[in-house]
1. Suppose all protein chains stay in the model; what accessible area per residue would a 1.4 Å probe give for chain A, in Å²?
2. What are the membrane-span-like helices in chain B by this rule: whole DSSP H runs, Cα extent along the axis at least 24 Å, mean Kyte-Doolittle hydropathy at least 0.0?
3. Between B and A, buried accessible area summed over both sides at probe 1.4 Å, in Å² to the nearest 100?
4. Hey, can you grab everything whose amide H is under 5 Å from the amide H of A:Ser33? Only 5+ residues off in sequence or another chain; H modelled, so Pro and N-termini drop out.
5. If the cut-off is 21 Å between C-alpha atoms, which lysines fall inside it for B:Lys80, apart from same-chain ones fewer than 8 positions away?
6. Where only protein heavy atoms count, and the probe is 1.4 Å, what is the accessible area per residue for region B:64-131 in Å²?
7. How large is Rg/Rh for chain A, to two decimals, with Cα atoms and a Kirkwood Rh?
8. Between B:Glu88 and A:Arg12, how many nm apart are label points set 7 Å from Cα along the C-beta direction?
Amino acid sequence: MRNKIEITNNIRKLRFFANEMTQQELAEKIGASRQTIIAIEAGKYSPSLELAFRIADAFGITIGEVFDHEV
Amino acid sequence: MYYQEKKTITSIITGIAVLTAYCIYAFSRYQSGAVTPGDLKFWATTMLIFIGIGVAASIVIQIIFHILLSMSIAYHEKVKNSQCDDKEIEKAVDKTMSTDMVEDEMDKLIELKSARIGYVFAGIGVVGGLVSLVLNYSPAVMLNIMFISFCAGSLLEGFAQLHFYRSGIKNA
């Protein structure tokens, strides 16, 4: 059986460096709800590739700079 | 607590109220002797009426919920900034509602997973209803088992949604 991959993210840090962007502002930019942003930040939800790309685009960086994984 | 959770709780409360009202009405009629288990027309009519009541009640309660939600957002905005005028409050309400009310992929995934749990429960009820016929219970018992299991399945779906919103959900 393969080991489970734990997906981590730097969204909280990235929001801080983007002029303290609020969760609501990020949610508006990517077309998701604030609750989804909170769940992603807390590691309770792993977004789809499409949403992950939209998050990366909102910060103007690559997807690998937003998300990481641990085996 | 967030918008979707509040909305789910309102649906659960509506479901519980309608199911309780059905049980009180139908079983009190049955216990008073006004209806016999073989009177299938009464049971079918009562169930159809309560399905209608359930749909109407959920629409009305959702409307009331959204009005109260807007009022609470406006109140919080006024408390935060007592200088702001009506237009600013309206803007704040619109902004909060538009971001919180968005139904995105996480909401859809939670809805799908919870619906599956609800369907499984309703399916068990259908099997239970058929088993009751095999065991020589009256068709009214089968109808009631099915109706109550569908209602309970929908409540279970709501509770599952709340659980997923609280504990999180994984794609796999």
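The values are calculated or read from the model by the stated rules, or taken from the named source; none is laboratory data. Since this is a predicted model, take the numbers as computed values, not measurements. Positions of Cβ are generated from backbone atoms using ideal geometry, with glycine treated the same way; all protein chains shown enter the neighbour counts. What goes into the accessible areas is simple: the full protein's heavy atoms, side chains included, and nothing from ligands, DNA or RNA. Shrake-Rupley method; radii C 1.70, N 1.55, O 1.52, S 1.80 Å.
1. Normalised by residue count, the accessible surface of chain A is 62 Å².
2. On the way: long enough: B:3-31 (41 Å, 0.29); B:40-80 (59 Å, 1.36); B:105-134 (43 Å, 1.01); B:139-167 (41 Å, 0.93).
Helices meeting the span and hydropathy rule in chain B are B:3-31, B:40-80, B:105-134, B:139-167.
3. Rounded to the nearest hundred, the buried surface is 1700 Å².
4. Counting only residues 5 or more places away or on other chains, the set is B:Asp104.
5. B:Lys91, B:Lys95
6. The answer is 66 Å² per residue.
7. For chain A, the value is 0.97.
8. A separation of 3.1 nm, rounded to one decimal place.
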